[in-house]
Number of protein chains: 2
Amino acid sequence: MPDQRPHGDNAEARAIAAALRDAIHSGEFNAGDKLPSERVLAATYHAARNTARAAIQELIQEGLVKPEHGRGYFVRERPRWMRFGRLRYTTPMRAVTRHGPFGAEARAQGKTPRVEVRSAERIPADADVAERLGIEPGTDVVRRENWYYADEIPMQIGITYIPWSIAGGTALAKAENLGPRSLYGRLEDLGYTIANIREEITARPATREEAEGLDLPPGVPMIHLWHTGMTAEKQPFEVTNFCMRADYSALDYDMPVDY
Amino acid sequence: MPDQRPHGDNAEARAIAAALRDAIHSGEFNAGDKLPSERVLAATYHAARNTARAAIQELIQEGLVKPEHGRGYFVRERPRWMRFGRLRYTTPMRAVTRHGPFGAEARAQGKTPRVEVRSAERIPADADVAERLGIEPGTDVVRRENWYYADEIPMQIGITYIPWSIAGGTALAKAENLGPRSLYGRLEDLGYTIANIREEITARPATREEAEGLDLPPGVPMIHLWHTGMTAEKQPFEVTNFCMRADYSALDYDMPVDY
DNA sequence: CAGTGGTCTAGACCACTCA
DNA sequence: GAGTGGTCTAGACCACTGT
């Protein structure tokens, strides 16, 4: 039999996906459990393997399920990660920090933070960074790449840029954890206290590289955030490009309208 | 011939996608142009139709291409929409407003705004709304559904909830455009001046319904935003659930860290 | 009517995992 | 080596669009 059937939008695949979604939400499958294989699903629902596969892809896009090549599909754990947009940079938050704002957030959410400094190098600023730092493109900056984990699950990547005129020769230019004082503590020592921020937010599907690094399937939505740290006089001195998986993350801002 | 070939991650589909992407970016195809059909692409690249299709799906996910059933695939226009997170609610912005914050944003970006009030009804608050408004679930609220267009392109959907105790019997409870004074003007008349806001942001793939309403393919990332409007005393009086396509939209916040 | 996207079937080979 | 996901081929019928 070649195909046919009542038809309708993706009806077969959607039905299978819905059944699986229900089974997961009802507790029939718990976090970490293995789902039936594509071939088994196809047989169960009298569908082609392609159709069963399409159904599972839907769940993957929603971040519910994670494929493991050669092993099977597994139900994901879904720790919601909350990023406190303004709060994380406030004075009291900075005071208690050990891993910086991320560490404070993690503790507030009962999770164990770990920050990995992947690299720190001196490079010329590209247009995106230069514009936000208010410097000429090509001017030297320190580029620090950090990976952030909560309970050992990769939550976000942050790439910080600081003008070399500020960070050059300091610990900020070295690829090591900055310890108790963190990035913002160090900057404060240098006379740059964060008093205003600007955050620009977009979202788009994960690239292949992000997917591999953060251990998630390609196509899952990612949140991108350009953070600019500024002094009370609104002089920018630090820019960070954050990248986090959307299905795990939420951003939370509270702020006055006029100030 | 059944299949085989060098293999590699999606190599065939990715190659076709890359070729098309280049052709679009190089100007070989311009906004509005029709791409070669799936069947033509398959023949051109000596691939199966499924594979050509997978390639195009990739471009659709990126928001580069739009399918039209029975007609073909067309290159999208990509107007970037900027949402000014805090600025849009400031006093000066409210003063010049005709279509509310959205109208001000649109004019700032050289676009023509249009707001469509889809409905206004009295309903009991669900948990999400009640929590943010600081009321008991089940308490009556006005639900206003607005659709926002810029140059006639649907940009976002906003569903506003206001306690019935505030909006009952006023123009806010009627399904009509609120005119020059807009929502926030009316609320100010009632003694509720927006002075603080909270915004919670997430992103996830578009549902089927959103996709249809906003004229986009399912699976494209969407930005979701819970906005809460509060008085100077931080009493919440209005909650709006915004939903916008991520490939068109960016959010821009600037704020003081301590206040 | 021919052409296009949307969906589905059936079956192949590859790479990976695990007993 | 059996089983699983990952990718691809080949070809079918549907619904929609245009001529």
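The figures follow:
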read-out	value
Those helices (runs of 4 or more DSSP H) lying entirely in the range A:78-180 with at least 2 residues crowded, with 21+ Cβ neighbours inside 10 Å and modelled with pLDDT of 85 or more	A:101-108, A:127-133
For B:His69: the one exception among (1) over 24 Å from B:Ala246 (Cα atoms); (2) free of Cβ contacts under 8 Å to residues at least 40 places away in the same chain	(1)
Pairs, first closer than 14 Å to A:Asn241 by Cα in the range A:136-157, second among the basic types (Lys, Arg) and surrounded by fewer than 21 Cβ atoms within 10 Å (Cβ to Cβ), C-beta under 7 Å, six or more apart	A:Val142/A:Arg122; A:Glu145/A:Arg118; A:Asn146/A:Arg118; A:Trp147/A:Arg118
Residue within the range B:48-57 that is closer than 24 Å to B:Glu105 by Cβ and either away from DNA strand D (no atom under 14 Å from the Cβ) or not aliphatic (A, V, I, L, M) (or both) present	no
Every residue from the range A:10-65 that is outside any helix (DSSP H, G or I) and acidic (Asp, Glu)	A:Glu28, A:Asp33, A:Glu62
Single unsatisfied condition, A:Met230 versus (1) without any contact (Cβ under 8 Å) to a residue 40 or more places away in the chain; (2) surrounded by fewer than 21 Cβ atoms within 10 Å (Cβ to Cβ); (3) within 16 Å of B:Met255 (Cβ to Cβ)	(2)
Set B:Arg132, B:Arg88, B:Arg107, B:Arg118: member being farther than 18 Å from B:Phe242 by Cβ and away from DNA strand C (no atom under 12 Å from the Cβ)	B:Arg107
Test: residue in the range B:27-48 that is within 14 Å of chain A (Cβ to nearest Cβ) and either aliphatic (A, V, I, L, M) or loosely packed, with under 13 Cβ neighbours inside 10 Å (or both)	yes
Hits in the range A:233-259 - residues which are among the basic types (Lys, Arg) and in contact (Cβ under 8 Å) with a residue 40 or more places away in the chain	A:Arg245
Positions within the range B:47-69 being within 6 Å of DNA strand C (Cβ to nearest atom) and under 21 Å from the mean Cα position of the chain (by Cα), in sequence order	B:Pro67
Test: residue in the range A:19-31 that is within 16 Å of DNA strand C (Cβ to nearest atom) and over 24 Å from A:Asp215 (Cα atoms)	yes
Residues that are of a type in the set (A, V, I, L, M, F, W, C) and in contact (Cβ under 8 Å) with a residue 24 or more places away in the chain, drawn from the range B:123-135	B:Ala125, B:Val129, B:Leu133, B:Ile135
Filter result for A:Gly72 (within 14 Å of DNA strand C (Cβ to nearest atom), over 29 Å from B:Gln57 (Cα atoms) and at pLDDT 85 or above)	no
Test: residue in the range B:81-95 that is in contact with a strand residue (DSSP E or B) (Cβ under 7 Å, 6 or more places away or on another chain) and aliphatic (A, V, I, L, M)	yes
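The values are calculated or read from the model by the stated rules, or taken from the named source; none is laboratory data. Everything numeric here is computed off the predicted structure, so don't read it as measured data. Using ideal geometry, Cβ is built from the backbone for each residue, glycine included, and neighbour counts are taken over all protein chains shown.
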